[in-house]
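A short write-up of the structure that comes next.
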Amino acid sequence: MIENRIRVGRIWLVAGASFTAAALLFTSQVWIDFAYAGRRLSWGLALIVALIDWELWALLSPIVVWLALRFRFSRDRWAAATAIHVPSGIVVGAVKLTLEAMLTRLVLGYGRTPFSFLKIDLTLLTYWLIVAVTHVSGHYREARERERRALQLESSLARAQVEALKMQLHPHFLFNTLNTIAGLMREDVEAADRMLAKLAELLRRTFETADIQELPLARELEFLDDYLSIQQARFGQRLQLSIEVQELTRTVLVPTLILQPLVENAIRHGIAVRPGPGGVGIQSECRGDRLVINVTNDGLPLPLTIREGFGIRNIRSRLQALYGEDASFQLHPHPSGGAIAVLDLPARHPVAES
Amino acid sequence: MRAIVVDDEPVARRRLRTLLQREEGVEIVAECEDGTGAIEAIRRLRPDVVFLDVQMPGLDGFDVIEALAPSEHPAIVFVTAYDRYAVRAFEVHAVDYLLKPFERERLRKTLGRLGEHRDSHEASRRLQAAVESVLTHRPLRRVVVRTPGRVYAVRVEEIDSIHAAGHYLELQTATATHLIRESMTDLEARLDPARFVRIHRSMIVNVDRIRELQPTFHGEFIVSLHSGRRLRCSRTYAEKLTTLWGS
């Protein structure tokens, strides 16, 4: 809103300044025109006549800009745009010339002479010039916007990677995991071996951060699996995991590392902050052309289990950057206590490379 | 030596038990998985030593010590994976602790120290000093509210925002307003600076409860909370708020 107002204000300023500059340049032209017709104007009056000529454009340009934005010359609609702009150029030009003639007559007592066809040409040319400038600056702005969005996507992915790294290198998680391995070594060498390998895998991946924005759900779940089995080994019976993944959702693309902060949140609030067993669930299903993923925990029966940490906010901004309004993320208290996080994305599949 | 092992992670409990069972003269009389169970077991069994995990769901290690009377204090060995506040306090007040995962030698050394003749009164005093130091230095977890009728606690994560009102502070939660007699500066100093931020001379907000920040003219912000409440962040505090919220 505010940004729009600033932009409109700036356009007015630039347009007004340009037209005033044109008026100053054309003052001598007006003086010569009148001299040829045998009328000697003072330089002051010549300036006023030139100002009437050009500042009328400053008044009319918002209409022209609006028309140019409304009917744009794109590849598939240039015919329609031409059909609008040819007659509207003539109408705007006629209005402008009429107003100009009336105002000039008001100031000088007689009309601008001689009235040449050159004037009509120049008027039509100015109309098309405004249309062209609007068109080009629109393109420029869109390109800038695309660039900004790409940068934003890049930075939010980088942040998600840093978050994942922080989660895996969180001293509490890391030292407790090492302690669990130390404990398992005396009871079950195989289990200790497996857990060490999983921890290594988890750490390795955090050092290999790729710039991939989206990947199939199956891959994202693989990433989670190492983390979940470590947590399962730590908490034992206290962590009751339930993962229900509908088969056809496995190939759907999801943003990289989107599930990690959700699952970490669910474990932290469902298990780590309260005594006794707790459940954490992950479900995915396709509903028409939508992919819906739920992450649930049956933590404390209070709304305070919802802590909108940085990870959650980053999820929102990544969805916005990747899908615009076509994706949603909601986090609310579960009817039976705990919390439920719902991701709703367009079900897109990777394009087969040929 | 009669010992109790307290840890919320089963493998960690079993590891400590296995290690302790190999040592001469140590008998494990109970294992507990949370603070409440630990308090009950300590009162009932009167052990000589308790290996007490610091981070636990519900009541943590320090809450257990606080809940017991000094006369009920057994010898305590704190066990922690990582806790910078606590470890500093243990060092300062010469309280025994083990860092997970610990070596067997380290456990032996600790047991050796416990076996020496010790002034239990002095040990209890040091323990209390350490716990008190941790509780005052680490961010506040709950705020105690005193009304003529009753005294109760509000958990800090429930607080949306804090407003100055004369000599009092109003704690706004989703459902109620609580009045406490404390100064803004004193309370701010004890709150977690990663969660609570000053947005106005007379206002503190819980960043986890912020839904949206809207910039307005002059570098100010309208802060919309999940509860629907809208607050104004003045320019002086705007930068700190935006960095904290975006971090």
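Here, each number is a calculation from the coordinates, and none is a lab measurement. Because the structure is predicted, anything quoted here is derived from the model rather than measured. In this analysis, Cβ positions are derived from the backbone assuming ideal geometry, glycine residues included, and neighbour counts consider all displayed protein chains.
Summary of computed values
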| quantity | calculated |
| --- | --- |
| Magnitude of the charge dipole, the stretch B:2-137, Cβ model with Lys/Arg +1 and Asp/Glu -1, debye to 20 | 420 debye |
| Alpha-carbon Rg/Rh ratio, for the stretch A:2-148, with Rh computed the Kirkwood way | 1.04 |
| Percent RCO, i.e. relative contact order, over chain A, from Cα pairs under 8 Å lying at least 6 residues apart | 11 percent |
| Positive-end residue of A:L184, A:L322, A:T82, charge dipole of chain A with Cβ unit charges | A:T82 |
| Karplus (6.51, -1.76, 1.60) ³J(HN,Hα), θ = phi - 60°, over the stretch B:159-175, in Hz, Gly and Pro reported as x | 6, 7, 7, 10, 10, 6, 9, x, 7, 10, 10, 9, 9, 9, 10, 4, 10 |
| Of all DSSP beta bridges in chain B, antiparallel share, percent nearest 5 | 65 percent |
| The stretch B:142-245 - charge dipole about Cα centre, Lys and Arg +1 at Cβ, Asp and Glu -1, debye rounded to 20 | 160 debye |
| Longest to shortest principal axis, alpha-carbon extents of the stretch B:95-241, angstrom | 68, 40, 25 |
| Most mobile listed residue (A:R268, A:R159, A:R39) in chain A, GNM with C-alpha springs under 10 Å | A:R39 |
| Cut-off under 5 Å, modelled amide H: who pairs with A:T256 long-range | A:E214, A:L215 |
| Estimated dipole of the protein assembly as shown in Debye, rounded to 20 [Cβ of Lys and Arg +1, of Asp and Glu -1, Cα centre] | 2140 debye |
| Nitroxide proxy distance, nm - points 7 Å out along Cα→Cβ at A:V86 and B:T177 | 6.9 nm |
| The stretch B:15-29 - phi-based ³J(HN,Hα) in whole Hz, Karplus 6.51/-1.76/1.60, Gly and Pro as x | 4, 4, 4, 4, 5, 5, 5, 7, 8, 6, x, 10, 10, 8, 9 |
| Principal axes of the protein assembly as shown: Cα extent on each, largest first, Å | 125, 69, 41 |
| Contact order normalised by residue count of chain B, Cα under 8 Å, 6+ apart, percent | 10 percent |
| A:R290 long-range amide H proximity, modeled H, under 5 Å | A:A347 |
| Pairwise label distance in nanometres, A:I63 with B:E72, each label 7 Å out on the Cα-Cβ vector | 8.7 nm |
| Local electrostatic count, A:D226, Cβ distance below 9 Å [Lys/Arg +1, Asp/Glu -1] | -1 |
| Partners for A:K119 among lysines (Cα-Cα distance below 17 Å; same-chain residues under 8 apart left out) | A:K96 |
| Between helix A:2-36 and chain A: long-axis angle, C-alpha atoms, 0 to 90°, nearest 10 | 20 degrees |
| The stretch B:128-188: trypsin sites (Lys or Arg not before Pro) in DSSP coil with no more than 12 other Cβ atoms inside 10 Å | B:R150, B:R181 |
| Footprinting exposure proxy for A:D193, A:D344 (fewest neighbouring C-beta atoms within 10 Å first) | A:D193, A:D344 |
| Cα shape, the stretch B:1-115, gyration tensor, a/c 1.5 rule | rounded |
| Using alpha-carbon coordinates, inclination of helix B:235-245 to the longest axis of chain B, degrees | 40 degrees |
| The stretch B:79-93 residues near the modelled B:A129 label - backbone nitrogen below 15 Å, point 7 Å along Cα→Cβ | B:88-93 |
| Share of alpha-carbon pairs per 5 Å distance bin for the stretch A:246-285, given as whole % | 5, 20, 22, 20, 15, 10, 6, 1 |
| Shielding by other protein chains, B:91-101, mean Cβ within 10 Å | 2 |
| Chain A - Debye-derived log10 I(q)/I(0), Cα point model, q = 0.07 Å⁻¹ | -0.54 |
| Highest-MSF residue in chain A out of A:P335, A:P277, A:P216 [GNM, Cα springs under 10 Å] | A:P335 |
| Environment charge at A:N314 (Cβ cut-off 10 Å; Lys +1, Arg +1, Asp -1, Glu -1) | +3 |
| Those lysines that a straight Cα-Cα span of less than 21 Å connects to B:K100, excepting residues fewer than 8 apart in one chain | A:K166, A:K198, B:K109 |
| Helical contribution to [θ] at 222 nm, DSSP H n ≥ 4, -39,500 (n - 2.57), averaged over chain B, rounded to 500 | -10500 deg cm²/dmol |
| Cα Rg, Dmax (largest Cα-Cα span) when computed across the stretch A:314-354, Å | 14.0, 49 |
| The protein assembly as shown: antiparallel DSSP beta bridges as a percent of all, rounded to 5 | 70 percent |
| CD proxy at 222 nm, helix term only [per DSSP H run n ≥ 4: -39500 (n - 2.57); per residue of chain A; nearest 500] | -22500 deg cm²/dmol |
| Test item: A:171-180 mean partner chain Cβ contacts at 10 Å | 6 |
| C-alpha long axis of helix A:78-108 to longest principal axis of chain A, angle in ° | 40 degrees |
| Chain B - Debye-derived log10 I(q)/I(0), Cα point model, q = 0.16, 0.17 Å⁻¹ | -1.07, -1.15 |
| Neighbour-count order for B:C32, B:C233, fewest beta carbons within 10 angstrom listed first | B:C32, B:C233 |
